[in-house]
Amino acid sequence: MQYHASRLNQRGTDEEGFYGFLFPDIWEELKRVAQKKCCICHQPGASVTCRARRCPRIFHYPCGSERGCISQFFGEFKSFCWKHRPVQRVRTVQRDQTLCLICQEAVAERPRYDTLVCPTCTSAWFHRSCIQGQALRSALYHFRCPLCQDMVTFQAEMFRLGIKIPDRDAAWEEDGAFADHYQQHSSCDTSQCLCPMGREEAEENGPWRLLLCRSCGSCGTHQCCSKLGEEVDSWECCDCSDTGTGEGCSWGGQGPQSHVVTTAIWDLGTVAPELNPGLRGGNTMRGAMGLRLLCSRESSEPRMCGGQWCHHGSCLLCRGSSRNFRDTQKS
(Lines give C-alpha, C1' and ligand atoms only; values in the text may rest on other atoms or scores of the structure.)
Protein backbone atom coordinates (compact mmCIF):
# COMPACT_ATOMS: atom_id res chain seq x y z
CA MET A 1 0.00 0.00 0.00
CA GLN A 2 3.01 2.30 0.44
CA TYR A 3 3.36 2.35 -3.36
CA HIS A 4 -0.02 4.05 -3.72
CA ALA A 5 0.35 6.67 -0.99
CA SER A 6 0.11 10.01 -2.75
CA ARG A 7 3.14 11.76 -1.24
CA LEU A 8 5.32 8.78 -0.26
CA ASN A 9 8.37 8.25 -2.44
CA GLN A 10 10.68 5.23 -2.51
CA ARG A 11 14.03 6.94 -1.95
CA GLY A 12 16.08 4.01 -0.68
CA THR A 13 17.21 0.65 -2.01
CA ASP A 14 15.18 -2.49 -1.44
CA GLU A 15 17.37 -3.33 1.56
CA GLU A 16 16.80 0.04 3.25
CA GLY A 17 13.83 0.90 5.46
CA PHE A 18 10.68 -0.96 4.47
CA TYR A 19 11.39 -2.24 0.96
CA GLY A 20 13.01 1.06 0.02
CA PHE A 21 10.57 3.33 1.85
CA LEU A 22 12.59 5.12 4.51
CA PHE A 23 11.02 5.20 7.96
CA PRO A 24 11.24 9.02 8.37
CA ASP A 25 9.32 9.39 5.10
CA ILE A 26 6.69 6.93 6.30
CA TRP A 27 6.19 8.88 9.54
CA GLU A 28 5.80 12.14 7.61
CA GLU A 29 3.18 10.59 5.35
CA LEU A 30 1.27 9.20 8.35
CA LYS A 31 1.15 12.68 9.88
CA ARG A 32 -0.07 14.18 6.61
CA VAL A 33 -2.92 11.72 6.02
CA ALA A 34 -4.06 11.67 9.67
CA GLN A 35 -6.52 14.44 8.85
CA LYS A 36 -7.54 13.13 5.42
CA LYS A 37 -10.95 11.46 5.44
CA CYS A 38 -11.84 8.59 3.16
CA CYS A 39 -14.58 9.48 0.70
CA ILE A 40 -16.03 5.97 1.10
CA CYS A 41 -15.99 5.19 4.84
CA HIS A 42 -15.51 8.84 6.00
CA GLN A 43 -12.81 7.81 8.48
CA PRO A 44 -9.41 9.56 8.77
CA GLY A 45 -6.15 8.13 7.48
CA ALA A 46 -6.91 7.97 3.75
CA SER A 47 -3.72 8.05 1.69
CA VAL A 48 -4.70 7.00 -1.87
CA THR A 49 -5.72 9.78 -4.25
CA CYS A 50 -7.38 9.40 -7.63
CA ARG A 51 -4.90 10.44 -10.31
CA ALA A 52 -7.52 11.69 -12.74
CA ARG A 53 -7.31 15.42 -13.45
CA ARG A 54 -9.28 17.58 -11.00
CA CYS A 55 -10.66 14.56 -9.11
CA PRO A 56 -10.62 15.26 -5.36
CA ARG A 57 -11.46 11.73 -4.20
CA ILE A 58 -9.14 10.23 -1.61
CA PHE A 59 -9.70 6.84 0.01
CA HIS A 60 -8.19 3.96 1.97
CA TYR A 61 -6.72 1.23 -0.18
CA PRO A 62 -9.06 -1.51 1.21
CA CYS A 63 -12.09 0.76 0.87
CA GLY A 64 -11.17 1.54 -2.71
CA SER A 65 -10.86 -2.15 -3.59
CA GLU A 66 -14.35 -2.85 -2.24
CA ARG A 67 -15.85 0.17 -4.01
CA GLY A 68 -14.37 -0.67 -7.40
CA CYS A 69 -11.34 1.60 -7.47
CA ILE A 70 -8.24 0.43 -9.32
CA SER A 71 -4.61 0.69 -8.22
CA GLN A 72 -1.98 -0.17 -10.80
CA PHE A 73 1.16 -2.11 -9.91
CA PHE A 74 3.60 -0.81 -12.49
CA GLY A 75 5.19 2.44 -13.59
CA GLU A 76 4.05 5.28 -11.34
CA PHE A 77 1.66 3.05 -9.37
CA LYS A 78 -1.34 5.22 -10.16
CA SER A 79 -4.74 4.82 -8.51
CA PHE A 80 -8.15 5.73 -9.89
CA CYS A 81 -11.58 6.04 -8.32
CA TRP A 82 -14.65 4.17 -9.57
CA LYS A 83 -15.54 7.08 -11.87
CA HIS A 84 -12.18 7.34 -13.62
CA ARG A 85 -10.82 3.79 -13.52
CA PRO A 86 -9.57 2.24 -16.81
CA VAL A 87 -12.08 0.00 -18.55
CA GLN A 88 -11.85 -2.65 -21.23
CA ARG A 89 -13.00 -1.77 -24.72
CA VAL A 90 -13.12 -5.17 -26.37
CA ARG A 91 -15.50 -5.91 -29.22
CA THR A 92 -16.86 -9.31 -28.35
CA VAL A 93 -20.29 -10.86 -28.03
CA GLN A 94 -21.25 -13.77 -25.81
CA ARG A 95 -23.28 -16.33 -27.70
CA ASP A 96 -24.57 -18.15 -24.63
CA GLN A 97 -24.04 -17.82 -20.92
CA THR A 98 -20.27 -17.58 -20.59
CA LEU A 99 -18.43 -19.12 -17.66
CA CYS A 100 -15.27 -18.00 -15.94
CA LEU A 101 -12.45 -20.06 -17.37
CA ILE A 102 -11.01 -20.59 -13.89
CA CYS A 103 -13.91 -21.18 -11.49
CA GLN A 104 -16.52 -22.21 -14.09
CA GLU A 105 -19.10 -19.85 -12.61
CA ALA A 106 -21.15 -17.40 -14.67
CA VAL A 107 -19.68 -14.00 -15.55
CA ALA A 108 -21.31 -10.73 -16.59
CA GLU A 109 -22.48 -10.26 -20.16
CA ARG A 110 -19.87 -7.59 -20.89
CA PRO A 111 -16.50 -6.53 -19.46
CA ARG A 112 -16.71 -4.50 -16.28
CA TYR A 113 -14.83 -4.11 -12.99
CA ASP A 114 -15.40 -7.66 -11.74
CA THR A 115 -15.43 -9.34 -15.19
CA LEU A 116 -12.38 -9.27 -17.46
CA VAL A 117 -11.70 -10.77 -20.87
CA CYS A 118 -8.50 -11.68 -22.69
CA PRO A 119 -7.77 -8.90 -25.23
CA THR A 120 -6.07 -11.30 -27.62
CA CYS A 121 -8.53 -14.16 -28.13
CA THR A 122 -11.61 -12.38 -26.64
CA SER A 123 -12.90 -15.85 -25.74
CA ALA A 124 -11.43 -16.27 -22.27
CA TRP A 125 -13.51 -14.57 -19.58
CA PHE A 126 -12.60 -14.32 -15.89
CA HIS A 127 -13.77 -12.92 -12.60
CA ARG A 128 -11.32 -10.31 -11.33
CA SER A 129 -10.70 -12.28 -8.13
CA CYS A 130 -10.05 -15.48 -10.11
CA ILE A 131 -7.51 -13.99 -12.50
CA GLN A 132 -5.85 -12.14 -9.60
CA GLY A 133 -5.35 -15.43 -7.81
CA GLN A 134 -3.95 -16.93 -10.99
CA ALA A 135 -1.52 -14.01 -11.31
CA LEU A 136 -0.24 -14.41 -7.76
CA ARG A 137 0.42 -18.12 -8.32
CA SER A 138 1.90 -17.91 -11.82
CA ALA A 139 3.79 -14.63 -11.28
CA LEU A 140 5.49 -12.59 -13.98
CA TYR A 141 7.36 -15.40 -15.73
CA HIS A 142 4.42 -17.77 -16.20
CA PHE A 143 1.28 -15.60 -16.14
CA ARG A 144 -0.58 -15.80 -19.47
CA CYS A 145 -4.04 -16.33 -20.90
CA PRO A 146 -5.11 -19.85 -19.93
CA LEU A 147 -6.88 -20.27 -23.27
CA CYS A 148 -4.76 -18.76 -26.06
CA GLN A 149 -1.49 -18.72 -24.05
CA ASP A 150 -0.71 -15.13 -25.06
CA MET A 151 1.63 -13.45 -22.59
CA VAL A 152 2.78 -10.01 -23.79
CA THR A 153 -0.55 -8.40 -24.69
CA PHE A 154 -2.39 -10.24 -21.93
CA GLN A 155 -0.02 -9.12 -19.17
CA ALA A 156 -0.02 -5.51 -20.37
CA GLU A 157 -3.82 -5.40 -20.27
CA MET A 158 -4.01 -7.03 -16.84
CA PHE A 159 -1.43 -4.56 -15.48
CA ARG A 160 -3.49 -1.66 -16.84
CA LEU A 161 -6.67 -3.01 -15.19
CA GLY A 162 -5.06 -3.22 -11.76
CA ILE A 163 -4.10 -6.92 -11.58
CA LYS A 164 -1.02 -7.37 -9.42
CA ILE A 165 1.56 -9.64 -11.08
CA PRO A 166 4.50 -10.20 -8.71
CA ASP A 167 7.99 -10.07 -10.20
CA ARG A 168 9.16 -13.52 -9.13
CA ASP A 169 9.06 -17.12 -10.26
CA ALA A 170 5.87 -19.14 -10.09
CA ALA A 171 4.73 -20.58 -6.78
CA TRP A 172 5.27 -24.14 -8.01
CA GLU A 173 8.90 -23.34 -8.90
CA GLU A 174 9.89 -22.06 -5.46
CA ASP A 175 12.37 -24.03 -3.38
CA GLY A 176 10.73 -26.84 -1.45
CA ALA A 177 7.32 -26.41 -3.07
CA PHE A 178 7.27 -30.07 -4.09
CA ALA A 179 9.64 -31.52 -1.52
CA ASP A 180 7.10 -34.12 -0.44
CA HIS A 181 6.97 -35.48 -4.00
CA TYR A 182 10.61 -36.56 -3.71
CA GLN A 183 10.11 -38.62 -0.57
CA GLN A 184 10.27 -42.36 -1.12
CA HIS A 185 9.20 -45.36 0.88
CA SER A 186 11.73 -46.18 3.59
CA SER A 187 10.65 -49.20 5.61
CA CYS A 188 10.54 -52.97 5.45
CA ASP A 189 6.98 -54.23 4.96
CA THR A 190 7.43 -57.96 5.48
CA SER A 191 5.09 -59.54 8.00
CA GLN A 192 8.01 -60.33 10.29
CA CYS A 193 10.96 -57.96 9.96
CA LEU A 194 14.14 -59.63 11.23
CA CYS A 195 16.25 -56.50 11.52
CA PRO A 196 17.21 -55.82 15.18
CA MET A 197 17.44 -52.07 14.41
CA GLY A 198 13.84 -51.93 13.22
CA ARG A 199 11.97 -51.63 9.95
CA GLU A 200 13.41 -48.20 9.11
CA GLU A 201 16.99 -49.47 8.98
CA ALA A 202 18.46 -49.15 5.49
CA GLU A 203 22.07 -50.00 4.68
CA GLU A 204 23.74 -49.64 1.31
CA ASN A 205 25.02 -53.22 1.39
CA GLY A 206 24.62 -56.28 3.53
CA PRO A 207 21.65 -58.15 4.96
CA TRP A 208 19.79 -54.99 5.93
CA ARG A 209 19.91 -53.43 2.48
CA LEU A 210 16.44 -52.06 1.74
CA LEU A 211 14.95 -52.88 -1.65
CA LEU A 212 11.86 -51.10 -2.96
CA CYS A 213 9.36 -52.67 -5.34
CA ARG A 214 10.53 -51.96 -8.87
CA SER A 215 6.93 -51.53 -10.04
CA CYS A 216 5.08 -49.45 -7.44
CA GLY A 217 7.88 -48.22 -5.18
CA SER A 218 5.48 -48.15 -2.23
CA CYS A 219 6.55 -51.41 -0.64
CA GLY A 220 9.98 -52.44 0.66
CA THR A 221 11.88 -55.34 2.14
CA HIS A 222 15.24 -55.99 3.72
CA GLN A 223 17.45 -58.36 1.79
CA CYS A 224 17.57 -60.77 4.72
CA CYS A 225 13.87 -60.56 5.56
CA SER A 226 12.91 -61.86 2.11
CA LYS A 227 15.90 -64.23 1.80
CA LEU A 228 17.35 -62.40 -1.18
CA GLY A 229 20.90 -62.91 -2.36
CA GLU A 230 23.62 -60.29 -2.57
CA GLU A 231 23.39 -60.34 -6.36
CA VAL A 232 19.73 -59.30 -6.39
CA ASP A 233 19.40 -55.66 -7.48
CA SER A 234 15.63 -55.43 -7.93
CA TRP A 235 12.58 -56.83 -6.21
CA GLU A 236 8.84 -56.85 -6.80
CA CYS A 237 6.16 -56.99 -4.14
CA CYS A 238 3.31 -59.52 -4.12
CA ASP A 239 0.73 -57.01 -5.31
CA CYS A 240 2.75 -56.13 -8.42
CA SER A 241 4.19 -59.51 -9.39
CA ASP A 242 2.51 -61.62 -12.07
CA THR A 243 2.14 -64.61 -9.76
CA GLY A 244 1.40 -62.81 -6.53
CA THR A 245 4.28 -64.62 -4.84
CA GLY A 246 6.77 -61.86 -5.62
CA GLU A 247 10.48 -62.44 -5.78
CA GLY A 248 11.26 -63.01 -2.15
CA CYS A 249 7.86 -62.05 -0.73
CA SER A 250 7.80 -63.15 2.88
CA TRP A 251 4.08 -63.88 2.65
CA GLY A 252 4.43 -65.63 -0.72
CA GLY A 253 6.14 -68.87 -1.70
CA GLN A 254 9.32 -68.36 0.34
CA GLY A 255 8.05 -66.94 3.61
CA PRO A 256 6.84 -68.43 6.89
CA GLN A 257 3.16 -68.10 5.87
CA SER A 258 3.49 -69.96 2.58
CA HIS A 259 1.71 -73.06 3.86
CA VAL A 260 -1.36 -71.00 4.75
CA VAL A 261 -1.57 -69.36 1.34
CA THR A 262 -0.90 -72.64 -0.47
CA THR A 263 -3.68 -74.39 1.44
CA ALA A 264 -6.21 -71.62 0.78
CA ILE A 265 -5.47 -71.62 -2.94
CA TRP A 266 -5.35 -75.45 -3.21
CA ASP A 267 -8.87 -75.71 -1.80
CA LEU A 268 -10.33 -72.73 -3.69
CA GLY A 269 -11.52 -74.78 -6.65
CA THR A 270 -13.35 -77.13 -4.30
CA VAL A 271 -14.88 -74.45 -2.07
CA ALA A 272 -16.13 -72.12 -4.79
CA PRO A 273 -15.23 -73.45 -8.26
CA GLU A 274 -17.68 -71.08 -9.95
CA LEU A 275 -15.47 -68.13 -9.00
CA ASN A 276 -12.63 -69.37 -11.16
CA PRO A 277 -13.34 -72.11 -13.73
CA GLY A 278 -9.65 -72.26 -14.56
CA LEU A 279 -8.94 -73.71 -11.12
CA ARG A 280 -11.09 -76.79 -11.60
CA GLY A 281 -9.10 -79.95 -11.94
CA GLY A 282 -5.33 -79.46 -12.17
CA ASN A 283 -5.18 -76.01 -10.58
CA THR A 284 -1.79 -74.47 -9.88
CA MET A 285 -0.39 -71.97 -7.42
CA ARG A 286 0.61 -69.65 -10.27
CA GLY A 287 -2.82 -69.45 -11.85
CA ALA A 288 -4.61 -68.83 -8.58
CA MET A 289 -2.21 -66.25 -7.21
CA GLY A 290 -2.29 -64.35 -10.51
CA LEU A 291 -5.94 -63.55 -9.72
CA ARG A 292 -5.07 -62.29 -6.20
CA LEU A 293 -7.33 -64.90 -4.63
CA LEU A 294 -5.76 -64.91 -1.21
CA CYS A 295 -6.78 -63.97 2.28
CA SER A 296 -4.35 -62.75 4.93
CA ARG A 297 -4.45 -65.07 7.94
CA GLU A 298 -2.07 -63.08 10.09
CA SER A 299 -3.34 -59.54 9.49
CA SER A 300 -6.56 -57.77 10.40
CA GLU A 301 -6.44 -55.81 7.14
CA PRO A 302 -9.04 -56.96 4.62
CA ARG A 303 -7.65 -58.47 1.41
CA MET A 304 -9.30 -59.76 -1.73
CA CYS A 305 -10.53 -63.27 -1.16
CA GLY A 306 -12.34 -64.93 -4.06
CA GLY A 307 -13.97 -61.67 -5.14
CA GLN A 308 -15.15 -60.79 -1.60
CA TRP A 309 -13.71 -58.42 0.98
CA CYS A 310 -13.33 -60.13 4.32
CA HIS A 311 -11.34 -60.53 7.47
CA HIS A 312 -10.01 -64.03 7.94
CA GLY A 313 -12.75 -66.42 8.98
CA SER A 314 -15.66 -64.21 7.98
CA CYS A 315 -16.30 -65.54 4.47
CA LEU A 316 -17.19 -68.91 2.97
CA LEU A 317 -13.87 -69.26 1.22
CA CYS A 318 -11.80 -68.86 4.38
CA ARG A 319 -13.99 -71.17 6.41
CA GLY A 320 -14.03 -73.77 3.65
CA SER A 321 -10.28 -73.60 3.13
CA SER A 322 -9.59 -74.03 6.83
CA ARG A 323 -12.02 -76.97 7.06
CA ASN A 324 -10.55 -78.75 4.09
CA PHE A 325 -7.05 -78.18 5.40
CA ARG A 326 -7.94 -79.77 8.75
CA ASP A 327 -9.56 -82.72 7.00
CA THR A 328 -6.44 -83.22 4.90
CA GLN A 329 -4.24 -83.17 7.99
CA LYS A 330 -6.36 -85.82 9.72
CA SER A 331 -6.23 -88.16 6.73
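For Leu101, the accessible surface of its heavy atoms amounts to roughly 70 Å² (probe 1.4 Å, protein chains only, rounded to the nearest 10).
With r as the distance between the Cβ atoms of Thr153 and Phe23 and R0 = 45 Å, compute the FRET efficiency 1/(1 + (r/R0)^6) and round to 0.05. Once rounded, the FRET efficiency stands at 0.70. Taking a straight Cα-Cα cut-off under 28 Å and skipping sequence neighbours fewer than 8 places away in the same chain, no lysines fall within cross-link reach of Lys227. Computed from the C-beta positions of Ser218 and Ala34 and an R0 of 41 Å, the FRET efficiency is 0.10 to the nearest 0.05.
Roughly how many percent of the accessible protein surface of the range 87-174 is carbon and sulfur, given a 1.4 Å probe and a whole-percent answer? Present the calculation step by step, with values, prior to reporting the outcome.
Numbers: 2420 of 5020 Å².
After summing per-atom areas, the C and S share lands at 48 percent.
Placing one equal scatterer on every Cα of the range 22-76 and applying the Debye formula, the log10 ratio I(q)/I(0) at q = 0.18, 0.21 Å⁻¹ is -0.65, -0.85. Note on Asp167/Arg112: beta-carbon distance plugged into 1/(1 + (r/R0)^6) with R0 of 22 Å gives a FRET efficiency of 0.20.
The residues neighbouring Val107, those whose beta-carbon lies less than 11 Å from its own, together hold a net charge of 0 under the Lys/Arg +1, Asp/Glu -1 convention. Of Glu157, Glu28, Glu66, the order by accessible heavy-atom surface (1.4 Å probe, DNA, RNA and ligands excluded), from most exposed downward, is Glu66, Glu28, Glu157.
Heavy-atom accessible area, probed at 1.4 angstrom with all protein chains present, ranks Trp27, Trp82 as Trp27, Trp82, highest first. Which pairs break 24 Å Cα to Cα here: Lys36/Lys78; Lys31/Lys164; Lys37/Lys164; Lys31/Lys83? Pairs exceeding 24 Å: Lys31/Lys164; Lys37/Lys164; Lys31/Lys83. Working note: Cα gyration tensor of the range 87-174, eigenvalues times five, square-rooted, sorted largest first, giving semi-axes of 22, 13, 11 Å.
The values are calculated or read from the model by the stated rules, or taken from the named source; none is laboratory data. The model shown is predicted, which means the values in this text are computed figures rather than measured ones. Every residue, glycine as well, gets a Cβ built from its backbone with ideal geometry; the counts of neighbours run over all protein chains shown. Accessible surface areas use protein heavy atoms only, side chains included; no ligands, DNA or RNA. Shrake-Rupley method; radii C 1.70, N 1.55, O 1.52, S 1.80 Å.
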